[in-house]
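Single-structure report; data block below.
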Amino acid sequence: MVRHQKRVNLDSPTTFNELVQRRKLQNRDMRMVTLADKVTAKAHAAGVLGHEWVIPTIWHGAALPEQPDWARPFVIKPRHGCNQNIYIRDRDVDWNELRAHTEPWGRKAYGRWLDEWLYAQIPRGILVEPFVGENGQLPIDYKIFVFGGVATHVQVHLERERGHRWIVFDRDWNRVSAQTADADPACPKSLREMLDAAETLARGFDFVRCDFYEIGGKPLFGEMTFYPGSGLDKFNPVTLDAEFGRYWLDAGGL
């Protein structure tokens, strides 16, 4: 049996994933570079929202130093890429091995294999942040989709370290993605603050995703993303792909 894949329409995109793909190939807005850079994005968020929203940077540089001089636990991540975080919770870590593991981060242009233009424009480097989870667990990640300055949906990411999965809610915390084995997580206490903050950060863009955490009932800024899932996310139901595409097109497309 031959399975036919859906043809991607980049000339007249209608779905969210198609619009992400076209943005990757055609949009060269340098504002996206500044806001996707994990160092400069923090400075921007602090200036717009206030310093209390921002996870402090313990250290950043081109390559990890020979020995860490930071309180644990902490997180190591590249300033110019995604999905490469390292979580240091205890003291029995081979630091030399870890330095060797992160050394290629400075030599490779993240995202080139997926045509993610903007990441190649960000200065390559590493930053270290305090671990903000509770009881050693990663916090829930609230990824807010903002179209034309209006926050419409929250993609809730669970157990990102192991068994990663996500659920989509509308802005009133009604699940819009398919039912799964996961019960609906409780609505964060600071949801309205997060929605307002996302709309503030996203002002001037037809689409951007703004990510937040909630620690002790208080919201914290995570990052801003212009290529969610690199345009390859598998929405369930698939109708969400078209629905999000309509929101984006109504906001001005590209």
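Annotations for the structure displayed:
- Answer residue from the range 132-148, given it is of a type in the set (V, I, T) and open to solvent by 20 Å² or more (accessible area, probe 1.4 Å) and is farthest from P228 (Cα to Cα) among those: V132
- Within the range 184-205, being open to solvent by 30 Å² or more (accessible area, probe 1.4 Å) and not β-branched (V, I, T) holds for D184, A186, C187, K189, R192, E193, D196, E199, R203, G204.
- Residues that are among the polar types (S, T, N, Q) and over 14 Å from K143 (Cβ atoms) occur at least once in the range 196-207.
- Here the range 159-182 is the region considered, the condition is being acidic (D, E) and touching a residue at least 24 places away in the same chain (Cβ under 8 Å), and the residue that is farthest from Y247 (Cα to Cα) is E161.
- Residue check for P56: assigned to a loop (DSSP other than H, G, I, E, B) and modelled with pLDDT of 95 or more: yes
- Against the conditions (1) surrounded by 11 or more Cβ atoms within 10 Å (Cβ to Cβ); (2) farther than 30 Å from G148 by Cβ; (3) hydrophobic (A, V, I, L, M, F, W, C), A71 satisfies every one except (1).
- Taken over the range 198-216, the criterion of being in a helix (DSSP H, G or I) and either over 18 Å from the mean Cα position of the chain (by Cα) or under 22 Å from C82 (Cα atoms) (or both) is satisfied by A198, L201.
- Hits in the range 74-93 - residues which are part of a loop (DSSP other than H, G, I, E, B), at pLDDT 90 or above and open to solvent by 50 Å² or more (accessible area, probe 1.4 Å): none
- Residues being over 15 Å from F244 (Cα atoms) and open to solvent by 50 Å² or more (accessible area, probe 1.4 Å) are entirely absent from the range 149-158.
- Scan of the range 108-122 for residues that are on the phi < 0 side of the Ramachandran plot and of a type in the set (D, E, K, R), ordered by number: K108, R112, E116
- From L35, L127, residue being part of a helix (DSSP H, G or I) and open to solvent by less than 70 Å² (accessible area, probe 1.4 Å): L35
- Residue, farthest from the chain's Cα centre (by Cα), within the range 135-163, restricted to residues that are in a loop (DSSP other than H, G, I, E, B) and of a type in the set (A, V, I, L, M, F, W, C): L138
- Scope the range 164-183; condition part of a loop (DSSP other than H, G, I, E, B), within 15 Å of K234 (Cα to Cα) and open to solvent by 40 Å² or more (accessible area, probe 1.4 Å); matching residues: H164, V176, Q179, T180
- Residue, modelled with the lowest pLDDT, within the range 99-122, restricted to residues that are over 21 Å from Q26 (Cα atoms) and loosely packed, with under 13 Cβ neighbours inside 10 Å: R107
- Here I144 passes the criteria (1) touching a Cys at 6+ places or on another chain (Cβ under 6 Å); (2) without any contact (Cβ under 8 Å) to a residue 40 or more places away in the chain; (3) not polar (S, T, N, Q) except the one numbered (2).
The values are calculated or read from the model by the stated rules, or taken from the named source; none is laboratory data. Quantities reported herein were computed from a predicted structural model and do not represent experimental measurements. When we count neighbours, we look across all protein chains shown, and the Cβ atoms used for this are built from the backbone with ideal geometry, even at glycine. The protein model used for the area step is the full one, side chains on, heavy atoms only, and it has no ligands, DNA or RNA in it. Shrake-Rupley method; radii C 1.70, N 1.55, O 1.52, S 1.80 Å.
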